[in-house]
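Shown next, in structure tokens, is the structure this report addresses.
Nothing in this text is a laboratory measurement; each read-out follows from the coordinates by a stated rule. Since this is a predicted model, take the numbers as computed values, not measurements. Don't worry about glycine lacking a Cβ; one is built from the backbone with ideal geometry, like all the others, and counts go over all protein chains shown.
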Amino acid sequence: MTTQHIETLVVGAGQAGLATAYHLQRLGRECLVVEANDRIGDNWRCHYESLRLYTPAKASGLPGLAFPGDPWSFPGKDDIAGYLEQYALQHDLPVRTGTRVTALARRANGSGFVATVGEDILTCDNVVIATGTFGRAPYVPDAAAGLDAGIRQLHSSEYARPAQLAPGVTLVVGASHSGCDIAYEVAAERPTILVGRDTGRIPVSWESRGLHVVLPVMFFAWRHVLTRRTPVGRRMMKHVRHHGGPMLRVKREHLAARGVEWIEARVVGVTDGLPRLDDGRVLDIANVVWCTGFRQDFGWIDLPVVGEDGWPTEYRGVVETEPGLFFCGLAFQYSMSSTVLPGVGRDAEYLARRIAAPARHRVRVGG
Ligand SMILES: Cc1cc2nc3c(=O)[nH]c(=O)nc-3n(C[C@H](O)[C@H](O)[C@H](O)COP(=O)(O)OP(=O)(O)OC[C@H]3O[C@@H](n4cnc5c(N)ncnc54)[C@H](O)[C@@H]3O)c2cc1C
């Protein structure tokens, strides 16, 4: 067993963790990023093959490195993975991959934290939890367990391509971005039913020139209007954290054109091994793709930081009740843009400054 002390430990080398490390490094603060996956970007590589960003390359760069390629192209999942790897390399960020933090607690003397990493111990003054916007623990409703064994079931995190599915009708549960993308893709090959609530839509075609006008306005609103400081932002925060955001690229008319039957209902139970909806309908299907999202799993953090709604009790990522503990990359950490590449850099900079400020103060006082 080894023990190492680091000023700031960043848990997770996705966009949030890397942007935080970038800003800490610029402020001259020591940090180490630990990442459970073997390779930076694996959190993107594992998504379904057809995933393309809805944010164009020009808006998807992190601070200090523009996203390469045509500014109005929409990068695929492997492009983003490669970009994140390049980002860490270019800025020489201290990342240790293949390293999962399995426990985090206060040090016995009350100052700083102790993190367990396999057999080893890391101690730190600050810790930034950057383990995912909505969490990374796949969530499926209880009904999944009661479905007939002959029905092929996949969570969206396991879905890669339509060929994984059995012949016959496919039910996609959850009309989120991934749900709409997957229903649209599967419907090209087989009968598809989408079940889920309508979360609204941004009324512009993602393939049109009109997007070049609408997107900057949308990002301005996401960054400066829909924030935790405004009533409309706080309402949006609840909606996004619990129901997801509005439809962007794939919309109702695209799904209809492909013959997707969209039922605005919920799967609430099982009848004779088949899924039953809250309107009483029972669906005779061969496959289910559960696009029902993820849950935050903070069970490894031995500190009272999770509120009744399952989200950390923070504001802008700062946990006032646990000095030195921060979160980065949470959905609506500060604004609607916190959830995406174009916004995470601002949140990361805010946290890095918060972390560096007391340290600078200590130097001034001590020196
Ligand atoms: C279908 C879909 C479409 C999307 N489209 C867009 C888009 O168009 N534009 C956009 O900007 N964003 C998009 N997003 C993604 C959004 O930006 C994600 O929320 C993003 O991946 C969040 O980055 P993150 O760094 O907060 O977390 P993640 O990317 O989830 O990274 C967290 C990292 O933490 C690691 N980790 C977790 N627990 C531990 C632990 N205990 N110890 C060590 N490491 C740990 C994980 O392995 C992971 O690598 C999309 C996402 C999806 C699913």
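Dipole orientation for the range 139-290: of the candidates Ile202, Val213, Gly273, Val213 has the Cα lying most toward the positive pole (charges on Cβ; Lys, Arg +1; Asp, Glu -1). Taking 8 Å as the Cα distance limit and 6 or more residues as the minimum spacing, I'd like the relative contact order of the range 139-290 as a percentage. Dividing the mean separation by the residue count of the range 139-290 yields 40 percent. Beta bridges from DSSP with both residues in the range 139-290: antiparallel share about 25 percent, rounded to the nearest 5.
Farthest towards the positive end of the charge dipole of the range 30-118, among the residues Leu84, Val117, Ala105, is the Cα of Ala105, using unit charges on the Cβ of Lys, Arg, Asp and Glu.
With neighbours defined as other Cβ atoms within 10 Å of a residue's Cβ, the residues Thr2, Thr8 order from fewest to most as Thr2, Thr8. Look at the dipole of the chain built from charges on Cβ: of Leu51, Ala357, Tyr184, the Cα furthest out on the positive end belongs to Ala357.
Under 17 Å of direct C-alpha separation, and excluding same-chain neighbours fewer than eight residues apart, Lys58 reaches these lysines: Lys77. By the count of other C-beta atoms within 10 Å, a proxy for reagent exposure, Ile355, Ile151 are ordered fewest to most as Ile151, Ile355.
With just the Cα atoms defining each centre, how far is the range 124-191 from the range 193-264? Give it in Å. Cα centroid of the range 124-191 versus Cα centroid of the range 193-264: 19 Å apart. Sorting Thr55, Thr97 from the fewest to the most surrounding beta carbons within 10 angstrom yields Thr97, Thr55.
Among 73-80, 273-280, sorting by the average number of other beta carbon atoms lying within 10 angstrom of each residue, highest first, gives 73-80, 273-280. Quotient of the Cα radius of gyration of the range 139-290 and 2.2 N^0.38 Å, N being its number of residues: 1.15. Computing FRET efficiency as 1/(1 + (r/R0)^6) for Gln164 and Arg96, where r is the C-beta to C-beta distance and R0 is 30 Å, gives about 0.35.
Given +1 at the Cβ of Lys and Arg, -1 at the Cβ of Asp and Glu and no other charges, the dipole of the range 243-359 around its Cα centre is 520 debye to the nearest 20. For the chain, the share of DSSP beta bridges that are antiparallel, to the nearest 5, is 40%.
Taking the Cα centre of the chain as reference, the dipole from Cβ charges on Lys and Arg (+1) and Asp and Glu (-1) amounts to some 1340 debye.
Counting only DSSP H runs of at least 4 residues, each contributing -39500 (n - 2.57), and dividing by the residue count of the chain, the helix-based mean residue ellipticity at 222 nm comes to -8500 deg cm²/dmol.
Would you work out if the chain is rounded, prolate or oblate? Take a ≥ b ≥ c from the square roots of the eigenvalues of the alpha-carbon gyration tensor; rounded if a/c is under 1.5, else prolate when a/b is larger than b/c, oblate otherwise. It comes out prolate by the Cα gyration axes.
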